[in-house]
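Everything on this sheet refers to the single structure shown next.
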Ligand code: URA
């Protein structure tokens, strides 16, 4: 039954129908549209007499609709969170983002909050949506191998070797489409508060979306490898591991960036 479908499955069913060439929604029973338009015309002809508005009603102004303020609400909810748990709860209660209703999971974080390195990715994909953890699909497995090459891991228990991982968006966009600017804008206050609460030594911005959100700039090919400052912290833009899977030749630059990250961590240890 259609009403038993989850939003996720309903979206998948709709995708399937669109892929099969369906371009119009129709019902089970035939509709006589000629009869409908005749009835509508008749209704319209009667309308002026019925709709005559009394003078007293004209004088009352219609109620002013309260304008939704997703960014303002996000700022208030994020700044009110005093722990990672309460930030996750605030995100779960945030209702302005449509993505929430099509996703299975709120993907908040993985790794160790005491880590010196915080990685900010783009958005969950299918695997992340299913498991509720960031970077667990193929790109995530490559990310784990890249981190291991410089002695870092999301499972490490000591802060020196640990990483903490989150995304700009906590909900999977349909068909993994790019996040829209308004989605980024309304979720950014949560990411900023997330960074404040984790308080890492360094940020790694994985890919264009992360750079667009945190630096206000795109063009990862030029940005990568160049340290910037975000929320008072050193931030290193890097190629996204999903990009590296599609463009293995770019792994050479990614390796150079990993070495730069390792060197910066080492320098930070010195008094
Ligand atoms: N890509 C991302 O940017 N984040 C994830 O969690 C998974 C894939």
Nearest 10 degrees, 0 to 90: what angle lies between the long axis of helix 70-79 and the longest principal axis of the chain (Cα atoms)? 40
Between the Cα axis of helix 33-50 and the main Cα principal axis of the chain, the angle (0 to 90°, nearest 10) is 70
Choice from 45, 162, 89 with maximal GNM fluctuation in the chain (Cα, 10 Å cutoff): 45
Computed on alpha carbon atoms, what radius of gyration and Dmax characterise the chain, expressed in Å? 24.9, 86
Can you work out the PRE-style zone for residue 130? Point 7 Å along Cα to Cβ, and I want the residues of region 153-178 with backbone N under 17 Å. 172-176
Please determine, in degrees from 0 to 90 and to the nearest 10, the orientation of helix 7-19 with respect to the longest principal axis defined by the Cα atoms of the chain, where the helix direction is its Cα long axis. 80
Over the chain, with a Gaussian network built from C-alpha contacts below 10 Å, which listed residue (105, 37, 153) shows the highest mean-square fluctuation? 37
What does the extension gain come out to for residue 222 and residue 73, with contour length at 0.36 nm per residue minus their alpha carbon separation? 50.2 nm
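Stretch residue 215-residue 105 to full length: gain in nm at 0.36 nm per residue minus the Cα-Cα span?
36.9 nm
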Among 161, 76, 249, residue whose mean-square fluctuation peaks in a GNM of the chain (springs only between Cα atoms under 10 Å): 249
What relative contact order, as a whole-number percentage, does the chain give when Cα pairs under 8 Å and 6 or more residues apart are counted? 17
Row for region 126-271, column shape: gyration tensor on C-alpha, a ≥ b ≥ c, rounded if a/c < 1.5 i.e. under 1.5, prolate if a/b over b/c, else oblate; value rounded
Output the antiparallel fraction of DSSP beta bridges having both residues in the chain, as a percent to the nearest 5. 25
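Computed from the coordinates by the stated procedures, all read-outs in this text should not be read as laboratory data. These numbers were taken from a predicted model, which means no experiment stands behind them. Neighbour counts run over all protein chains shown; Cβ positions are idealised from the backbone, glycine included.
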